[in-house]
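Have a look at the structure below before the remarks.
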Amino acid sequence: MSDAILIFVGDDYEDLEVHYPRLRFREAGFRVVLAGARAGERWRSKHGYPAISDAAIADCRADDFAGVVAAGGWMPDKLRRDPHVKALLAAFDRQQKLVASICHGGWMCVSADVVRGREYTGSPGIQDDLVNAGARFRDAEVVVDGHHVSSRKPDDLPAFLRACLAVLAARAKG
């Protein structure tokens, strides 16, 4: 299994939902790749904090990663339309690798059609979208359904990362 985690990044991402997982995964020994529309691009968060993408989303393959994180902010509303984002999320799901979303990041999972029949949470603002896409919505700080981990907001990040790391550890044990 790869020791790398893919995190989507683009303009108007939620600062904590990209940087907290990036640092926590690194602390746990994973290599983290921030992927945006273009490699080497500087992206600004909702609050002005920058992130530079390591790779272009179109160049990433699920085979090269242990899991993916779909962070929130306003970024997911644009990235959910990218066919490469949808294809990547679908590939992670087919391979039963970690598919993690927080806040509005669940929008990308909805557009990739990977939430149907699963328990999910997210920002209250996307509850109807999750339900209409076939998910069973739960208002909880973290929801784990197989290899899917979802949370609602930045305050849920500690529980979100504990659950993500537990899913990765279980998969590593086989």
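The values are calculated or read from the model by the stated rules, or taken from the named source; none is laboratory data. Source: prediction; values computed, not measured. Because the Cβ atoms are built from the backbone with ideal geometry, glycine has one as well, and the counts that use them run over all protein chains shown. The accessibility values were calculated without ligands, DNA or RNA, using every heavy atom of the protein model including side chains. Shrake-Rupley method; radii C 1.70, N 1.55, O 1.52, S 1.80 Å.
The residues listed here are Val9, Val18; of these, the one that is open to solvent by less than 70 Å² (accessible area, probe 1.4 Å), β-branched (Val, Ile, Thr), closer than 17 Å to Gly73 by Cβ and touching a Gly at 6+ places or on another chain (Cβ under 6 Å) is Val9. Looking only at the stretch 54-85, residues that are among the charged types (D, E, K, R) and within 12 Å of the chain's Cα centre (by Cα) come to 1 in all.
Restrict the check to the stretch 54-76 and report whether at least one residue is part of a loop (DSSP other than H, G, I, E, B), closer than 25 Å to Ala159 by Cβ, of a type outside the set (Asp, Glu) and open to solvent by 40 Å² or more (accessible area, probe 1.4 Å).
Yes, some residue in the stretch 54-76 is part of a loop (DSSP other than H, G, I, E, B), closer than 25 Å to Ala159 by Cβ, of a type outside the set (Asp, Glu) and open to solvent by 40 Å² or more (accessible area, probe 1.4 Å).
Is one or more of the residues making up the stretch 158-168 closer than 18 Å to Gly125 by Cα, open to solvent by 20 Å² or more (accessible area, probe 1.4 Å), within 16 Å of the chain's Cα centre (by Cα) and of a type outside the set (D, E, K, R)? No; the residues of the stretch 158-168 include none that is closer than 18 Å to Gly125 by Cα, open to solvent by 20 Å² or more (accessible area, probe 1.4 Å), within 16 Å of the chain's Cα centre (by Cα) and of a type outside the set (D, E, K, R). Report yes if some residue within the stretch 90-99 is closer than 25 Å to Ser2 by Cα, open to solvent by 10 Å² or more (accessible area, probe 1.4 Å), part of a strand (DSSP E or B) and at pLDDT 95 or above; otherwise report no. Within the stretch 90-99, none of the residues are closer than 25 Å to Ser2 by Cα, open to solvent by 10 Å² or more (accessible area, probe 1.4 Å), part of a strand (DSSP E or B) and at pLDDT 95 or above. Residues of the stretch 106-121 that are part of a helix (DSSP H, G or I) and closer than 16 Å to Arg138 by Cβ: Gly106, Cys109, Val110.
Going through (1) open to solvent by 10 Å² or more (accessible area, probe 1.4 Å); (2) under 28 Å from Asp63 (Cβ atoms); (3) not β-branched (Val, Ile, Thr) one by one, Arg152 falls short only on (2).
Take the residues in the stretch 122-143 that are of a type in the set (Val, Ile, Thr) and crowded, with 21+ Cβ neighbours inside 10 Å; name whichever of them is nearest to Phe92 (Cα to Cα). Per the criteria, the residue is Val143.
Out of all the residues in the stretch 41-53, which are surrounded by 15 or more Cβ atoms within 10 Å (Cβ to Cβ) and either without any contact (Cβ under 8 Å) to a residue 12 or more places away in the chain or among the acidic types (Asp, Glu) (or both)?
Glu41
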